[in-house]
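Structure first, then comments.
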Amino acid sequence: MPLIPIESLNDPRVDVYRDVKAPRHSRWAGRFVAEGKRLVKRLLVSDYVVESVLLSAGHVDDFSPWLPPEVSAFVMPRPLAAELVGYNFHCGAMACAIRKPSPRLEDVMARCGARSTFIVCPDVNDPENIGTLIRLGAAFGVDAVFLGPACADPFSRRVLRVSMGNALTLPIVQSPDLRADLRRLKTDWDVQLAATVVENSDPTDDVQPLTDDSCSPARRGNDVPESLAGAPRPARLALLFGNEAHGLGSEWLELCDRRLTIPMHDADSLNVAVAAGIFLYHFTSATHP
């Protein structure tokens, strides 16, 4: 583990950590930066190629057992490191790794079983929402996350932090042509596409509530089967979540096989990540065959 003291802000070896808060800091540079002790340690034990680690002087001992000999560890005084990265370097650790190519659709589906669940986001552009969606995907056993080009970078520093590093292990398909990929999911792998929408937002009224009180055990009656008590799921299901401000556009709604909503009382909508947690709990729970 070569420890390399850095004494100048102009040292080119730490350029990748310079002003990491800047938008799209590393998206097109073939690299990404992870921040925080827990996340850096998760990165170091992942299958990503780690180029370097940046540590403040007080955190060297904590990381000594984790650093492979081939990874350079740059060490800086905390005030100097804060000036380099552009904010208070209280986390004490960052790491830079090489991005992988986005997984191919065929490879994702080859790893899926007969029952599969997917998150699809055409244009969710808030980093915290994308990070939370990735974390939810890992928590509920989602098989992959599909992101359109307008989505926030899933390997940005902020998204990685919010996702608690789950972007390092959960397959994330950054699709340049999401509509084409979704059509292939339908035709080649029999994946049902379900749009998640705000209640009463569809003028056709062709929207299915996630739960239906009329089919609850207390009100169901003997002639209504138990399987109708709530939105059923197919074996392979992709849930589409829309933009924070505008929801799903008409081109995505037309592509979907069904439209689902969460019945609510006095609120007209929920944050996309909150809504996703409800939908995922419903469709991944043991009550669904």
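For the reader, a short list of remarks on this structure follows.
- For the chain, the mean residue ellipticity at 222 nm estimated from helices alone is -7000 deg cm²/dmol, where every DSSP H run of n ≥ 4 contributes -39500 (n - 2.57) and the total is divided by all residues, rounded to the nearest 500.
- Neighbour cut-off at most 12 other Cβ (10 Å), DSSP loop, trypsin sites (Lys or Arg not before Pro), the stretch 1-103: K21, R24
- A full extension of the chain between A267 and Y281 corresponds to an added length of 3.0 nm, given 0.36 nm per residue minus the alpha carbon distance.
- Of all DSSP-defined beta bridges confined to the chain, some 30% are antiparallel rather than parallel.
- The share of alpha-carbon pairs in the chain lying farther apart than 35 Å comes to 30%.
- Backbone amide hydrogens, once placed in the peptide plane, bring F146 within less than 5 Å of I119, V120, C121, V173, excluding anything fewer than 5 places away on its chain.
- Using a probe of 1.4 angstrom and keeping all protein chains present, the accessible surface of the stretch 3-142 works out to 48 square angstrom per residue.
- The chain: angle of helix 178-189 to the longest principal axis, Cα-based, in degrees nearest 10: 60 degrees
- Near the amide H of Q192, within less than 5 Å, lie the amide hydrogens of R236, L237, A238, all on another chain or at least 5 residues away, with H placed in the peptide plane.
- Positive minus negative residues near A93 (Lys, Arg vs Asp, Glu; Cβ under 15 Å): +3
- For R31, distant residues with modelled amide H under 5 Å away: R99
- Residues in the stretch 241-250 carry Karplus couplings, in order, of 10, x, 4, 4, 9, 10, x, 8, x, 4 Hz; the curve used is 6.51 cos²θ - 1.76 cosθ + 1.60 with θ = phi - 60°, and Gly or Pro positions show x.
- Spatial offset of the stretch 74-150 relative to the stretch 32-51 amounts to 12 Å, using the alpha carbon center of each.
- Fraction of accessible area attributable to carbon and sulfur, the chain (%, probe 1.4 Å): 51 percent
- Estimated vicinal HN-Hα couplings, Hz - the stretch 110-120 in sequence order (Karplus 6.51, -1.76, 1.60; Gly, Pro = x): 5, 8, 8, x, 5, 9, 9, 10, 10, 9, 10
The values are calculated or read from the model by the stated rules, or taken from the named source; none is laboratory data. These numbers come from a predicted model, not from an experiment. Note that each Cβ is placed from the backbone with ideal geometry, even for glycine, and that neighbours are counted across all protein chains shown. For accessibility, only protein heavy atoms count, side chains too; no ligands or nucleic acids. Shrake-Rupley method; radii C 1.70, N 1.55, O 1.52, S 1.80 Å.
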